[in-house]
1. Hey, among the residues in the range 192-216 that are in a loop (DSSP other than H, G, I, E, B) and among the β-branched types (Val, Ile, Thr), which one's surrounded by the most Cβ atoms within 10 Å (Cβ to Cβ)?
2. Quick one: is Ile98 in contact (Cβ under 8 Å) with a residue 24 or more places away in the chain, closer than 23 Å to Leu57 by Cβ and either touching a Gly at 6+ places or on another chain (Cβ under 9 Å) or hydroxyl-bearing (Ser, Thr, Tyr) (or both)?
3. Determine, yes or no, whether Ala52 is among the small types (Gly, Ala, Ser), over 24 Å from Tyr228 (Cβ atoms) and modelled with pLDDT of 95 or more.
4. State whether one or more residues within the range 284-291 are in contact with a Phe, Trp or Tyr (Cβ under 7 Å, 6 or more places away or on another chain), closer than 19 Å to Tyr225 by Cβ and either touching a residue at least 24 places away in the same chain (Cβ under 8 Å) or not β-branched (Val, Ile, Thr) (or both).
5. Can you tell which of Ser133, Ser68 is under 30 Å from Val229 (Cα atoms) and over 19 Å from the mean Cα position of the chain (by Cα)?
6. Condition first: surrounded by fewer than 15 Cβ atoms within 10 Å (Cβ to Cβ) and either in contact with a strand residue (DSSP E or B) (Cβ under 9 Å, 6 or more places away or on another chain) or assigned to a loop (DSSP other than H, G, I, E, B) (or both). Now tell me which residues in the range 76-120 satisfy that.
7. Have a look at Val253, Val221, Val259 and point out the one that is part of a strand (DSSP E or B), among the β-branched types (Val, Ile, Thr) and at pLDDT 95 or above.
8. Do you know which residues across the range 217-237 are buried (at least 17 other Cβ atoms within 10 Å of the Cβ) and closer than 28 Å to Asn6 by Cβ?
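The values are calculated or read from the model by the stated rules, or taken from the named source; none is laboratory data. Everything quoted here is computed from the prediction, not taken from an experiment. Cβ placement follows ideal geometry from the backbone for every residue including glycine, while neighbour counts extend to all protein chains displayed.
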Amino acid sequence: MKVYKNDNLQKEAEAFDNQVSTRIAKGFIPDLRNLQKVEWFYNNPWREPEFARIQWLPTIVSIITKASETGKHILEIGCGHGMLSLELARNGLDVTGIDLSPKSIEVANEFKGKNQHIENFGSLEYICDDFLSLNLPHNCFDCVVFFRTLHHFPNIKEVVKKVYELLVANGRILLCEPIRSKFDHNAAEFALILRTLLPTWESYEFKVDIEWNEKIWKEKVDEIYNEYVYKDRHRQSVMDNSTDSAEDILAAVKSYFKVEYLKYSDAFIDKLIGGLRGKSRFKLARFLKFLDNYMVENRILPPTSMTLFAVKKSESTIKAIV
């Protein structure tokens, strides 16, 4: 069993040990090609494979495509149960996945062993350790990937600097990260309206059979706000939300990389799409995905997620800036 000297790292590892254990016990399969319905999730996009495809597949495909174009050697930091690392390897890439959580790495190796898609399979190795403490050779990876994990690092400048050192010339950093600091109470009110009016995990009788007043409305808005920003009981782990600012992430990345692609998304969709119910839920999910994109692109509601691809600057450029 891996034990970390840093108390926060230990608590972080234990939190995700518990999370992955619970999800696997409830029937979740961390394999994009073998997803199944998990009734235990109530508003999570991974509740049903089609919800996951609508919400996450375009981003995942773009990451795999860009990684494949860049080179063969890929490092995923915070690989968790290995779902993305496994899919990258299935696309002919040589993948190393790193995660703090021993249970996550155990599950990742289990599903690596169950993989039946061996044609064009590259290679896949998992390491259970703290990325910043791990001694990896410099200039050895073509791409470094963060999928919803960079925000768990308190000092992202230190993380990005190490990523820079690990990458070959013209290597890329690919990330998809929550930026919860942008979520506001106007967005929470819009999410509450949608949750109240649409067929979701809560019955209409439960949702509308209330003596509505301004106090109740504000309480419900506050609860949704706390959920979206992972505040109070919604917080995942001790290091969750260590970084939740798009500006901080961009500043750290731009110090060492040239940004090639940047997309903002997810005004309200990620905590609603998996909660839809009824026979038309997938058609409704596609409409809401369009609406969410429209709201973000037209700056009607703030985004809570960013996807960024950036290429490594030359050392001479970095020295000139410094």
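1. Among those residues, the one meeting the criterion is Thr200.
2. no
3. Spelling it out, it is not the case that Ala52 is among the small types (Gly, Ala, Ser), over 24 Å from Tyr228 (Cβ atoms) and modelled with pLDDT of 95 or more.
4. no
5. So the residue among Ser133, Ser68 that is under 30 Å from Val229 (Cα atoms) and over 19 Å from the mean Cα position of the chain (by Cα) is Ser133.
6. The answer is Gly92, Gln116, His117, Ile118, Glu119, Asn120.
7. It is Val259.
8. Scanning the range 217-237 gives Val229, Tyr230, Ser237.
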